[in-house]
Amino acid sequence: MKKPILLLSFAASLMTILSSAQAQRNTAFAITGSEQGGVDWEVVREVDLSSGTLIRNIFIPSSQKPKQLDAATGKAINITAAQAQPAANNCNCSPSLSAASAYDARQNRLYYINLFGSELQYIDLNQRELKIYHVKNQKVKQFVAQAGEADNITRMAFGSDGYGYALTNNGNHLIRFSSGNNINIIDLGSLEDGQNNGDISVHTQAASWGGDMVADDGGNLYLFTTGAHVFKINPANRVADYLGTIEDLPEPYSVNAAAVDKDGQVVVSSSLDANNYFRVNLSTLKASPVQQSEERVYNASDFANGNFIACGDTHYQPQPAPVPVVQENKDVKKSIDIYPNPAKGKAIHVYFNNIPQGRSIVEVNLIDGKRIATAEVFVSAKGQSQTIQLPVTAKAGVYVVRVLNVDKSRFTKNIMVE
């Protein structure tokens, strides 16, 4: 389990707007101590998942004082010294005690929740000036939190459906939140153990609290617990299926951070072990040490990046980047492509090429015009890609995808779902 007090004065410095391809780099944001082996958890860095190498320091609290803004209004808010302390489980804290973060590559935002708090906050990495946004109009914990650590949120990730997910230690609250201009927070309810979980429950403190989450591009989440257990979670029915326990980790090695690397495997870190990161083969759940370039790595309490395990499968098969080919629109400077086509699963991807920055609406319809899925996308970068999750009831056949962009340009394309 992540330590109950993770001192993190959480912010970030200037980052350039990331394209979809850049978001799939072999790096992750890491919550670390001020030095390798440290446990003060007050520095945010970007690290190389293949070697443990420090790419850059994102935030060093002693030198940065970010502005604090209301996410809904954009107005400045004041964070007092009293508010910055973890006085109660539902305090309205400043970004100082965070055990979980999640990166939304589509919006280029780094979200987090204070360990003892109930407020969703994020850093907009598109902006030149460092700012932290507080979602004040909705609480993350839409329930009365228990005393102690059971209801602390220590796991977060963005799913391929474009939603962020947060999970309490005890697994009793899977919380979903949207990104974009109008953030909406919903408590989906408690996780349920899969039928074949046996004695390994997603709710057991010693085995299944703490850790981190990642996602695949088929709509599933994967929970890596501090005790090295792995669960596959279907957010639609909240069933957590136990996949097994990571093998070949050194003793003792708690799993506190997890991120998907460029090859679709998961790299994990311990909050207390700075000797190395470990790469987990998702087919065998066997761990192997990363071939680090330096003697030690930055031990991390949390990882976050924009990568997904591919194909909704625990065995990743890397796919080449799509090459947009659109013939339906006369303006060749703007294009929309839908891939894969035919689609073999319930997820499709919409590729935006040279579409003006702003809101786009994506609709998926049956041939008879009945709408089965819709999504609002904020296009912020050339070559941006958006995953659209089809409902589980979607049958094989031809579907019509329509896209309306901020400049009123429209695109229509048929796809085959197998």
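The values are calculated or read from the model by the stated rules, or taken from the named source; none is laboratory data. What you see is a predicted model; the values in this text were computed from it and never measured. Note: ideal-geometry Cβ built from the backbone for every residue, glycine included; neighbour counts use all protein chains shown.
Across segment 214-260, the qualifying residues are those that are charged (D, E, K, R) and in contact (Cβ under 8 Å) with a residue 60 or more places away in the chain, and the one among them that is surrounded by the fewest Cβ atoms within 10 Å (Cβ to Cβ) is Arg238.
Taking interchain pairs and intrachain pairs at least six residues apart, which have beta carbon atoms under 8 angstrom, with the first residue in segment 391-412 and on the phi > 0 side of the Ramachandran plot and the second exposed (fewer than 15 other Cβ atoms within 10 Å of the Cβ) and in a loop (DSSP other than H, G, I, E, B)? Hits for this filter: Gly397/Ile367. Please verify whether Asp193 is crowded, with 23+ Cβ neighbours inside 10 Å and farther than 18 Å from Asn152 by Cα, treating the condition exactly as stated. No: the conditions fail for Asp193. If you go through segment 263-297 and keep only what is of a type outside the set (A, V, I, L, M), assigned to a loop (DSSP other than H, G, I, E, B) and touching a residue at least 40 places away in the same chain (Cβ under 8 Å), you end up with Asp263, Gly264, Gln265, Ser271, Asn276, Tyr277, Gln291, Gln292, Ser293, Glu294, Arg296.
Take the conditions polar (S, T, N, Q), in the same structural domain as Leu120 (by TED's automatic domain parsing), farther than 24 Å from Ser118 by Cα and at pLDDT 80 or above and apply them to Thr73. Does it pass?
Working: polar (S, T, N, Q): yes; in the same structural domain as Leu120 (by TED's automatic domain parsing): yes; farther than 24 Å from Ser118 by Cα: no; at pLDDT 80 or above: yes.
Considered against the rule, which asks whether it is polar (S, T, N, Q), in the same structural domain as Leu120 (by TED's automatic domain parsing), farther than 24 Å from Ser118 by Cα and at pLDDT 80 or above, Thr73 comes out as no.
Picking from residues in segment 196-213 that are surrounded by fewer than 23 Cβ atoms within 10 Å (Cβ to Cβ) and among the small types (Gly, Ala, Ser), the one that is farthest from the chain's Cα centre (by Cα) is Gly198.
Of the residues screened, Lys141 is one that is part of a loop (DSSP other than H, G, I, E, B), in contact (Cβ under 8 Å) with a residue 24 or more places away in the chain, assigned by TED's automatic domain parsing to the domain that holds Ala30 and under 24 Å from Asn169 (Cβ atoms).
Of all residues in segment 173-200, those satisfying the criterion of being assigned to a loop (DSSP other than H, G, I, E, B) and touching a Gly at 6+ places or on another chain (Cβ under 8 Å) are His173, Ser178, Ser179, Ser190, Leu191.
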